[in-house]
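Read the structure below first, then the notes.
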Amino acid sequence: MTYTRLPARSLDQNAGLVRPACILPERVGLENPALDVMTDFRRLTAFIATPGDTIKQAEERMIRRKVRLLFVMDTLDRVAGLITSTDIQGEKPLKIVQSRGIRRDEVLVADIMTPVDRLEAVDFDDIAHARVGHVLETLKARGRQHALVIEHTEGRQMVRGLLSLSQLCKQLGVTVETTEVADTFLEIEQQLAHV
């Protein structure tokens, strides 16, 4: 077979860069497919930290990437835990500073992250067949702001996506305080009726 050269052209000064995008619907209802509220890491890059990063480095990364959660990865590229902006801005760093007699800028991600053995996940196959209402009920029942979505690839658990209560509420068009989640679907439905 003979190969010919592909045509080349100059790059325009206004050229952008295609980046993975997970475009979720702006508005959803409780009956929408659950996948409409899942951040899919096959379509959007998950942002990470390492256990040895300082919390200042992690916070700067969150601000730069416009996210509120980082996956903490170990040296073998395994999920070691999660760190959220609430972890960084809450009481955890202060407790570490007081107990160890160190400065806040010396507190590490490993000191305040939620370790992998305390994380729960939902199976992707279950999400693929669920509705937004199921996601809301799952987050509410667990009292969590986030839930991981896993799939099994080549005999290994892989984090496929993320469900976020703040993202879900934004898409539903309701406000739920981060410290207090509505107790029943009736409360959610009442909020939805006022939108």
Every residue from the stretch 112-127 that is assigned to a helix (DSSP H, G or I) and open to solvent by less than 40 Å² (accessible area, probe 1.4 Å) = 112, 124, 127
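Any residue at all in the stretch 60-67 that's assigned to a loop (DSSP other than H, G, I, E, B) and open to solvent by 100 Å² or more (accessible area, probe 1.4 Å)?
yes
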message = Need the failing condition index for residue 131 against (1) over 17 Å from the mean Cα position of the chain (by Cα); (2) exposed (fewer than 12 other Cβ atoms within 10 Å of the Cβ); (3) among the basic types (Lys, Arg), just the number.
response = (2)
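Can you name the residue in the stretch 90-108 that is open to solvent by 100 Å² or more (accessible area, probe 1.4 Å) and without any contact (Cβ under 8 Å) to a residue 12 or more places away in the chain and, of all such residues, is nearest to the chain's Cα centre (by Cα)?
This residue is 91.
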request  = Under 6 Å between Cβ atoms, at least 6 apart or on separate chains: pull out the pairs that start in the stretch 54-72 with a residue that is touching a residue at least 24 places away in the same chain (Cβ under 8 Å) and end on any residue that is among the charged types (D, E, K, R) and surrounded by fewer than 19 Cβ atoms within 10 Å (Cβ to Cβ).
outcome  = 56/105
ask   = In the stretch 134-153, which residue that is touching a helix residue (DSSP H, G or I) at 6+ places or on another chain (Cβ under 7 Å) and assigned to a helix (DSSP H, G or I) is most open to solvent (accessible area, probe 1.4 Å)?
value = 134
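The values are calculated or read from the model by the stated rules, or taken from the named source; none is laboratory data. Computed from a predicted model, the values in this text were never measured in an experiment. Because the Cβ atoms are built from the backbone with ideal geometry, glycine has one as well, and the counts that use them run over all protein chains shown. Ligands, DNA and RNA are stripped out before the accessible areas are found, and what is left, the full protein with its side chains, is counted by its heavy atoms. Shrake-Rupley method; radii C 1.70, N 1.55, O 1.52, S 1.80 Å.
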